[in-house]
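See structure below.
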């Protein structure tokens, strides 16, 4: 469908357009958004994301294909932003279309859970006190 | 042989550059390459347990043999999403 790593602001509508089809009665979307509280409840001004795109994009495609084979036929699109992001900006956008909603909900959750564990992308928290730290994701399903 | 090591995030900050060429003996493994890098940058030793390795875009174990021209990525824990 559509798999993308970009420095530009994400456009969720373009993911909806990529997955919609006359066969699909449901589209589930997930947006990851930069929030104020970082690790240890330290407030951040924003985040910086970095990727290894040559590996991350194939891994994103593999996750999308797995989601479709595990839960039922689904059309998947994933976009991840890199670079500097301010509070409230969208870091990751996922859209999943399927014939009925149950498959789309399950597949969308699978995609974000797997992305956090398997896709080589990193996040640096820029705290308000001026410190920064690369923060890894927690164990599965966190 | 020479392999190109790609570094990311906290590891890139320790090494000070996004890629670095290592000269290794024939038959060297991915773990040998990591040890060579950690020898040069002792701060890496503390994160050896959480670092994953990939050769030419595919995850590998430390026991995998490297070849001339390989691209070895050293990957700290992921934080995407």
**Request:** Express as a percent, rounded to the nearest 5, the fraction of DSSP beta bridges in chain B (both residues included) that run antiparallel.
**Result:** 75 percent
**Complete:** Per the helix-only model, chain B has a calculated mean residue ellipticity at 222 nm (DSSP H runs of ≥4, -39500 (n - 2.57) each, divided over all residues, rounded to the nearest 500) of -6500 deg cm²/dmol
**Asked** Counting DSSP beta bridges in the protein assembly as shown, what percent are antiparallel, to the nearest 5?
**Response** 85 percent
**Prompt:** Which part of region A:114-130 falls in the paramagnetic zone of residue B:52, meaning amide N under 20 Å from the point 7 Å along Cα-to-beta-carbon?
**Reply:** A:114-125
**Asked** Using the 10 angstrom Cβ neighbour count as an exposure proxy, how do A:14, A:91 rank, fewest first?
**Response** A:14, A:91
**Request:** Report relative contact order for chain A in percent, whole number only (criteria: Cα-Cα under 8 Å, sequence separation at least 6).
**Result:** 35 percent
**Prompt:** If each residue's Cβ is checked for other Cβ atoms within 10 Å, how do A:84, B:32, B:61 rank with the fewest at the top?
**Reply:** B:61, A:84, B:32
**Request:** With a/c under 1.5 counting as rounded, go ahead and sort the protein assembly as shown into rounded, prolate or oblate using the C-alpha gyration tensor (a ≥ b ≥ c being the square roots of the eigenvalues; past the cut-off, prolate if a/b is larger than b/c, else oblate).
**Result:** oblate
**Message:** Once you compute Rg and the Kirkwood Rh from C-alpha atoms, what is the Rg to Rh ratio for region A:1-72?
**Reply:** 1.03
**Message:** Using a 10 Å cut-off around each Cβ, can you sort A:60, A:37 from fewest to most neighbouring Cβ atoms?
**Reply:** A:37, A:60
**Asked** Cα centroid distance between region B:9-33 and region A:23-72, in Å?
**Response** 28 Å
**Prompt:** What angle, in degrees between 0 and 90 and rounded to the nearest 10, separates the Cα long axis of helix A:101-118 from the longest principal axis of the Cα atoms of chain A?
**Reply:** 40 degrees
**Prompt:** For chain B, what relative contact order do you get, as a whole percent, if you take Cα pairs closer than 8 Å and at least 6 residues apart?
**Reply:** 42 percent
**Asked** With the radius of gyration and the Kirkwood radius both derived from the Cα set of region B:2-75, what is their ratio Rg to Rh?
**Response** 0.91
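Only the coordinates and a few stated rules stand behind these numbers; no lab work does. Every value quoted in this text rests on a predicted model; they were computed, and no experiment measured them. Ideal geometry is used to build each Cβ from the backbone, glycine not excepted, and the neighbour counts take in all protein chains shown.
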